[in-house]
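**Q** Below you will find the structure I want to go over with you.
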């Protein structure tokens, strides 16, 4: 799989997604399920390599929140492209818990969702082998105006309209 960063460029993936059935934990950065994190937390933390935790769409951020300072990556699963719970989870990680590490979208995502993934706090998106990267890159610029604020601090259309309205409104003259 290739990864896309915020600027839409493909990068190598240094992370190993570890299946729960694999007992041995390899050297280097690994991504484990929340269940494996709970089971092997002490061993994973004691390693001298970064650890990532994969959350299913049904698992809540509160389950990993106390350990976010020990987790370098949170991978959020999209079981179907229609399941948008991971969008809310990413935003919650950024805004409620102040998580600054990598948030990765894994599973069934579409290029049409890429800009919204970035706006809600995702850092990277795992795209399938053979995906048309030009389509994914174009998705970042296809929509130029947002109606809601994103975690990136951009200005949504509603605030732009308010600023224009206030600038055009007559100002009361002071004495």
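The values are calculated or read from the model by the stated rules, or taken from the named source; none is laboratory data. In this text, all values refer to a predicted model and were calculated from it rather than measured experimentally. Cβ coordinates were reconstructed from backbone atoms using ideal geometry, including for glycine residues, and neighbour counts include every protein chain displayed.
**Q** Please work out which one of (1) under 23 Å from residue 129 (Cβ atoms); (2) modelled with pLDDT under 95 is the condition residue 75 fails and give its number.
**A** So the condition that residue 75 fails would be (2).
**Q** Can I ask one more? Considering each residue of the stretch 1-48, count those that are assigned to a loop (DSSP other than H, G, I, E, B), surrounded by 15 or more Cβ atoms within 10 Å (Cβ to Cβ) and either modelled with pLDDT of 95 or more or touching a helix residue (DSSP H, G or I) at 6+ places or on another chain (Cβ under 6 Å) (or both), and give that number.
**A** Final tally of qualifying residues: 2.
**Q** Another question, then. Out of all the residues in the stretch 106-118, which are under 11 Å from residue 139 (Cα atoms) and outside any helix (DSSP H, G or I)?
**A** Within the stretch 106-118, just 110 meets the criteria.
**Q** For the stretch 60-75, does any single residue satisfy the condition of being part of a strand (DSSP E or B), free of Cβ contacts under 8 Å to residues at least 60 places away in the same chain and crowded, with 21+ Cβ neighbours inside 10 Å?
**A** Checked the stretch 60-75: at least one residue is part of a strand (DSSP E or B), free of Cβ contacts under 8 Å to residues at least 60 places away in the same chain and crowded, with 21+ Cβ neighbours inside 10 Å.
**Q** Looking at the stretch 88-138, which of its residues are farther than 28 Å from residue 63 by Cα, touching a residue at least 60 places away in the same chain (Cβ under 8 Å) and surrounded by 20 or more Cβ atoms within 10 Å (Cβ to Cβ)?
**A** Applying the first criterion (farther than 28 Å from residue 63 by Cα) to the stretch 88-138 yields 111-112, 128-138.
Applying the additional criterion that residues be touching a residue at least 60 places away in the same chain (Cβ under 8 Å) yields 128-129, 131, 133, 136-137.
Residue satisfying the conditions is 136 alone.
**Q** Residues of the stretch 50-59 being farther than 21 Å from residue 108 by Cβ and either at pLDDT below 95 or under 17 Å from the mean Cα position of the chain (by Cα) (or both), which ones?
**A** 51 - this is the single residue of the stretch 50-59 that is farther than 21 Å from residue 108 by Cβ and either at pLDDT below 95 or under 17 Å from the mean Cα position of the chain (by Cα) (or both).
**Q** Specify which of the listed residues (130, 98, 121) is assigned to a loop (DSSP other than H, G, I, E, B) and within 19 Å of residue 12 (Cα to Cα).
**A** Of the residues listed, the single one that is assigned to a loop (DSSP other than H, G, I, E, B) and within 19 Å of residue 12 (Cα to Cα) is 130.
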